[in-house]
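In what follows, a single structure is set out as structure tokens and then discussed.
What follows draws every value from the coordinates through simple rules; no lab data is involved. Worth saying up front: this structure is predicted, and the values here are computed from it rather than measured. Positions of Cβ are backbone-derived with ideal geometry, glycine not excepted, and every protein chain shown enters the neighbour counts.
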């Protein structure tokens with residue numbers, strides 16, 4: 001199971017919230033990421049997220065989409081089920097990991 005963000009969502013991801021404009025991290029999480037993540041878990045598959053082809057990813061988009069997934073589901077370990085492809089910008093993978101880890105710390109009630 002795979003999501004290519006540029007093809008399946010937008011090649012110009014926006015900000016954090018739906019109320020702030022088009023192609024937000026919140027919209028991506030609600031309409032694509034969360035349903036595909038749940039489906040991949042049910043099927044016992046990994047979810048492949050392909051970040052290539054977009055014009056960049058605002059930090060607020062990444063945090064709301066991926067950190068927001070952790071906060072919404074209130075679970076840890078989501079990255080065990082996600083494979084990230086980011087040949088265009090290798091820093092995207094680390095940034096997503098940072099947002100996920102920060103959200104996981106918050107739901108566990110621990111700090112750095």
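Suppose the Debye formula is applied to equal point scatterers at every Cα of the chain; what is log10 I(q)/I(0) at q = 0.14, 0.17, 0.19 Å⁻¹? For the chain, the Cα-only Debye profile gives -0.50, -0.76, -0.96.
If a/c stays under 1.5 just call it rounded; otherwise compare a/b with b/c (prolate if a/b is bigger, oblate if not). Do that for the stretch 33-90, with a ≥ b ≥ c from the square roots of the Cα gyration tensor eigenvalues. Taking the square roots of the gyration eigenvalues as a ≥ b ≥ c, the stretch 33-90 is oblate. Spatially, the stretch 44-79 and the stretch 87-102 are offset by 9 Å when compared through their Cα centroids.
What FRET efficiency would be calculated for the residue pair residue 11, residue 42, taking the C-beta separation as r and a Förster radius of 30 Å, to the nearest 0.05? Using R0 = 30 Å, I get an efficiency of 0.55.
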